[in-house]
Each structure stands twice: as structure tokens, then as C-alpha cells.
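Every number here is computed from the coordinates shown, using simple stated rules; none is lab data. Everything numeric here is computed off the predicted structure, so don't read it as measured data. Note that we place each Cβ from the backbone using ideal geometry, even for glycine, and neighbour counts take in every protein chain shown.
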Amino acid sequence: MRTDMDMVLNDTSRRIAARRALQDLWQPGCDFLGSEVAILGGAMSWVSERHLVAAISNAGGFGVIACGAMTPERLAEEIVGTQALTDRPFGVNLITMHPQLNDLVAVCLAHNVGHIVLAGGVPSGATIRRIRDGGARVIGFTPALALGKRLVKLGVEALVIEGSEAGGHVGPVSLTVLAQEILPHLRNVPVFVAGGLGRGDAILGYLEQGAAGAQLGTMFAASEESIAHAHFKAAFLRANARDAVTSVQLDERFPVIPVRGLSNNGSRRFLQHQAETLRRFQNDELSREDAQLAIEHFWAGALRRAVIDGDIEEGSVMAGQSVGMVKAVRPVKDIIVDLIEQAVDALLRRDERLHNTHPESALVK
Ligand SMILES: Cc1cc2nc3c(=O)[nH]c(=O)nc-3n(C[C@H](O)[C@H](O)[C@H](O)COP(=O)(O)O)c2cc1C
């Protein structure tokens, strides 16, 4: 007869087995990143600085500094500052169109940064080679299978596929579809999924489809260690998924790069600004180039205004649809532990279902 103690021991060993199963699933991601868990903190301009990056790495994940428009000197300071707060691995995200890209790469290499994430465009073979020759690993982004394969041929060693649910600059395709298009066909490098992720059970689903890990931004932007202004975090706590919308383009002659964020007075004024710019263009008051520039300049400095100054009405409050799952400002460690436990619970629930129908197939008999 099974005693209470037998049942406790069985529950404990089932949980240990489920943890091991999760570890097996994301081990390729952990091996590549050198982290305990294959959860990357997606680089977020102004948000992903030394405190948040170190907190994510210290919690067992993999923090990534957002270089954004930083100068090489500022980036060097940020790397050194992060290294003072953690001895765990972390990465640096560089925007490929930064005019000093080569200098930024040199700074990363000089400071022994192990991983460089190249974002915002297709990186050149020369940049990839420079990074690899310098001893660091290269992570790229791909919005499609063909480009992913090309990047791997060029020497990119891991990829992030980011769905349109994500915060910040986004492509048009959801993670659900990208994952199906890409994960079964790109098995030779670790692929990390991003966009709209807020729970461990969802991450588990993608690991089972072949992902090596996951990248999250929004959940960490509102963490205790994030330096984002209290107003910025409060806006995240109030928001629902449907409040995180992409910027609207008024006229196809004047392209607007879609950015997902919380709608506010700034996003409403952006529409009026486009309409007014269009009117001036049609009245020959502005050339086509000047009109395009006027539209592009509208948001200059707007993310900083929201994140640092706390102006959440006029600034750009970039956020993913996962913002609806931000329920409290919590330490990074707790967020990561929850993600792990939710994945483990999902495995256990499945195991229980299997055990009920096929007792021989359970994790622990
Ligand atoms: C406030 C904010 C700023 C971001 N800035 C950048 C950036 O500078 N570079 C980049 O590659 N991605 C940026 N992202 C995207 C994140 O790195 C990450 O991929 C994304 O947040 C994942 O989706 P999620 O927000 O639904 O978790 C930003 C996202 C947010 C929310």
C-alpha cells in the first residue's frame, strides 16, 4: 500500500525528472550562451544597461546590453560597469547601421564580451568575420527561413526569431507562424524565440518545437532592477495586451517602420503629424525627402523621454503584447524562477495525463 511519504517522494522525484527534461530541452541554448537557463534578456535601448543586464545574468539567464546609439566610449563604460556587477556571461546588442559599428565591435572584443547580437539589418560577412576572429560569438535576427540560412552560411552562430507580438521594432509575422516556418528547418544552430512570451509553459511549447531558448523584453523592463522610470513601469502594470499596438503608416509613399508600444498622446499626435506633413508635401511646401525626414524625426529621443524621464504621454512606451502579463514590479530572479516552474508544471501535467492513459510512458513510474 502507498503511504503519504511514498506519494511525497514520488511527487518530488517526478518534479526532479521534469526539471531534468526541461534542462535537456534548452541545454543547447545554455551551452551556447554559457548560462544556467536559456533565457535571454532582449536588449532594450535605455533599459538594458548594467543593472538589468547583470541582474538577468546573476539570476542564471543571459543579459544583453543595448548599445543603441551609444558611442564606443560610452559602450566601454557600460561593459566595464556590467562586469563589476556580474562575473557571469552577458552579451552586447549592436545596431548594424551604427556609423561606428567597427569601433563598437572592437570595444566589445577588447573587453572580452563573449557574445555580440547584431540587430537592425543584415550584417555584412566582414563584420561577422571580425567578431569571430576576435573570439566572440555572433547572434543574428531573422524574419524568414531563407535569410536565416543565408546568415548561418555567412557565419552567424545562433539566431533569434522575433514575432510581431514583441515590443519595439517589429516585423509583420507572429511568432506562432515564424516558429513553424523556421524551427523544423534550421537545426544546425541554436534558435531563440522572442515576442509575446510571458509564461514558462509557452516557452516550453517552443522548446519542444526545436527552439534552444527564449528571449524576453517586456517582462524584464518592468522588473525591480530595471532603471525605467516608475511611470513607465506603472504604465506596464495598467496595460492590457491590446494596448500594445504598432505604429500606423498613413501613406505608402512615406514608410513608417512598425514599432510596437502603448498607445498614448504621442502616438495620436504622430498620426496628425503624418497628415500635416502629407498636406505640406502635396502643397509643394516640402520635398519628398524632407517629408520623409520630418516623419522619421518625430520619434527622435522619444524612447528616452518615456524610459528615463517618465513622460509616458508624449514619449515612446515600447512594449510587447506580453505587457498584459506584467502584474507586479518584481525582482528578475523571481520572474525567471516563475518561468522555470511554469514550464516544469506544464511537463508534470502532461506526464500525469500520459500516466493516466499509458502508465508505462510516465517520467517517473
Ligand atoms: C522598451 C523596448 C526597447 C527595445 N529596444 C530594442 C533595441 O534597442 N534593440 C533590439 O534589438 N531590440 C529591442 N527591443 C526588443 C527586445 O529586445 C525583445 O526582442 C522583445 O522585447 C521581445 O518581445 P517581448 O517584449 O514581447 O518580450 C526592445 C523592446 C522593448 C520593449
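Points worth noting:
- Within region 306-357, tally of residues that are part of a loop (DSSP other than H, G, I, E, B) and within 11 Å of the ligand (Cβ to nearest atom): 6
- Residue that is surrounded by the fewest Cβ atoms within 10 Å (Cβ to Cβ), among those in region 143-173 that are closer than 16 Å to VAL193 by Cβ and among the charged types (D, E, K, R): GLU165
- Hits in region 244-276 - residues which are more than 19 Å from GLY171 (Cβ to Cβ) and touching a residue at least 60 places away in the same chain (Cβ under 8 Å): LEU262
- Candidates VAL80, VAL92, filtered to the one that is in contact (Cβ under 8 Å) with a residue 24 or more places away in the chain and buried (at least 16 other Cβ atoms within 10 Å of the Cβ): VAL92
- Count of residues meeting criterion [out of contact with any helix residue (DSSP H, G or I) (no Cβ under 6 Å at 6 or more places or on another chain), surrounded by 17 or more Cβ atoms within 10 Å (Cβ to Cβ) and assigned to a helix (DSSP H, G or I)] in region 277-305: 5
Residues are listed down the side, and each one gets a yes or a no for (1) in contact (Cβ under 8 Å) with a residue 60 or more places away in the chain; (2) within 16 Å of the ligand (Cβ to nearest atom):
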residue	(1), (2)
CYS108	no, yes
VAL122	no, yes
ASP133	no, no
ALA136	no, no
ARG150	no, no
LYS153	no, no
VAL160	yes, yes
SER164	yes, yes
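- Of everything in region 174-202 that is of a type in the set (Val, Ile, Thr) and more than 14 Å from the ligand (Cβ to nearest atom), the residue that is surrounded by the fewest Cβ atoms within 10 Å (Cβ to Cβ) is VAL177.
- For region 58-80, a residue qualifies if it is among the polar types (S, T, N, Q) and touching a strand residue (DSSP E or B) at 6+ places or on another chain (Cβ under 8 Å), but none of them does.
- Test: residue in region 264-276 that is touching a Gly at 6+ places or on another chain (Cβ under 7 Å) and either assigned to a strand (DSSP E or B) or more than 24 Å from ALA300 (Cβ to Cβ) (or both): no
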